[in-house]
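Written out below as structure tokens is the structure these notes cover.
The values are calculated or read from the model by the stated rules, or taken from the named source; none is laboratory data. The structure presented is a predicted model; accordingly, all values stated were derived computationally and were not measured. Neighbour counts are summed over all protein chains in view; Cβ atoms, including those assigned to glycine, are modelled from backbone coordinates with ideal geometry.
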Amino acid sequence: MNLDRFRGSTVALITPFQKDGSIDRKRLRELAEWQIEEGTDVILVNGTTGESPTLSPAEQVEAAEIVVDQAAGRLPVLGGAGSNSSRLAAELARAAEKAGVDGILSVAPYYNKPTQEGLFRHFQHVAAATSLPVVLYNVPGRTASNLSAQTTLRLAEIDNVVGVKEASGNLSQVMEILRLRPDGFLVLSGDDAWALPLIALGADGVVSVVANQAPGAFRELVRAALEGDWNQARELHYRLLELMELNFVESNPIPVKTALAMMGRIEEVFRLPLVEMSEANREKLKNALQRLGMVRQ
């Protein structure tokens, strides 16, 4: 399989809602089309940034079908398929495959705090449920357990486990994976601010939040880094760094959805337990967007 198509800038697409809380299908299509027009390399639907924990399995299928249909083969689509139930994660992977996605992103089980052997068997179970490429997602800050480098490399021996989205914040761990990974195994940054340094160390791209707001500029940053144009990559990195950081001043995706509402692209609607951004942080976000020319003064 050609894994190069999963390199570069992957947007972790938000899920827009209507005022009644239902999925805004029209704006989901518009957001997907905007990403394609701006040159984003891959779209991830039903990730954490898409509020997947509050989407029903049927809604996840619907969202995936909409994005796949809008993409129409113009770029790859990854489908999120994660749960702290291995059985449900496998069911979600099968449903995402049926919906037409090109690959699966599966987050480590949260809350259960499995052992490394438990993590291995969980992802082994998910990978066996689908014929699609599977990208692991390690984000200890949300899952309360860390997928170690050794376990990641062990999972990399499974034919359709093709990469990892690494958001551990542990540089030594990521470097160990990069140093020992088999040929073709993808390492993607799970943090926007880490994209440039990790690509410098050999990583293949990023699964991004800020690409929701600045898809073209962030794609340029990633592409410049992958091509070794470090001056261009650094310039774009520092231009967008404040926004990258503000996107996590409150729980993701609260800031990024607030920003997109300010930009007129969505209604500002969240599903509980996520709520509106505080006024103080909202003002900081608005000022940053104005400095970047993304909203009017």
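Here the condition is being in contact (Cβ under 8 Å) with a residue 24 or more places away in the chain, acidic (Asp, Glu) and over 27 Å from GLU33 (Cβ atoms); of GLU279, GLU267, GLU250, it holds for GLU250 alone. Scanning region 220-253 for residues that are farther than 15 Å from ALA288 by Cα and crowded, with 23+ Cβ neighbours inside 10 Å yields a count of 4.
Here is a yes/no grid of residues against (1) over 15 Å from the mean Cα position of the chain (by Cα); (2) touching a residue at least 60 places away in the same chain (Cβ under 8 Å):
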| site | (1), (2) |
| --- | --- |
| LEU3 | yes, yes |
| THR40 | no, yes |
| PRO53 | no, no |
| PRO57 | yes, no |
| ALA64 | no, no |
| VAL77 | no, no |
| GLY80 | no, no |
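Restricting attention to region 173-204, the residues being farther than 19 Å from GLU235 by Cβ and either under 18 Å from the mean Cα position of the chain (by Cα) or among the acidic types (Asp, Glu) (or both) number 11. Going by the conditions given, is GLU117 without any contact (Cβ under 8 Å) to a residue 40 or more places away in the chain, of a type in the set (Asp, Glu) and more than 17 Å from PRO57 (Cβ to Cβ)? It is true that GLU117 is without any contact (Cβ under 8 Å) to a residue 40 or more places away in the chain, of a type in the set (Asp, Glu) and more than 17 Å from PRO57 (Cβ to Cβ). Would you say ALA156 is among the small types (Gly, Ala, Ser), buried (at least 17 other Cβ atoms within 10 Å of the Cβ), under 23 Å from GLN60 (Cβ atoms) and in contact with a Lys or Arg (Cβ under 8 Å, 6 or more places away or on another chain)? So ALA156 fails the test.
For region 18-26, the criterion of being of a type in the set (Gly, Ala, Ser) and free of Cβ contacts under 8 Å to residues at least 24 places away in the same chain is satisfied by at least one residue. Taking region 184-295 and the helices (runs of 4 or more DSSP H) fully enclosed by it, the elements with 2 or more residues that are more than 28 Å from GLN173 (Cβ to Cβ) are at 215-226, 230-246, 254-262, 279-291. The residue of region 103-127 that is surrounded by the fewest Cβ atoms within 10 Å (Cβ to Cβ), among those that are touching a Phe, Trp or Tyr at 6+ places or on another chain (Cβ under 8 Å) and farther than 13 Å from THR143 by Cβ, is GLY103. Here the condition is being farther than 17 Å from ALA64 by Cα and modelled with pLDDT of 95 or more; of LEU132, LEU105, LEU119, it holds for LEU119 alone.
Residues in region 275-292 that are of a type in the set (A, V, I, L, M) and surrounded by fewer than 17 Cβ atoms within 10 Å (Cβ to Cβ): VAL275, ALA280, LEU292.
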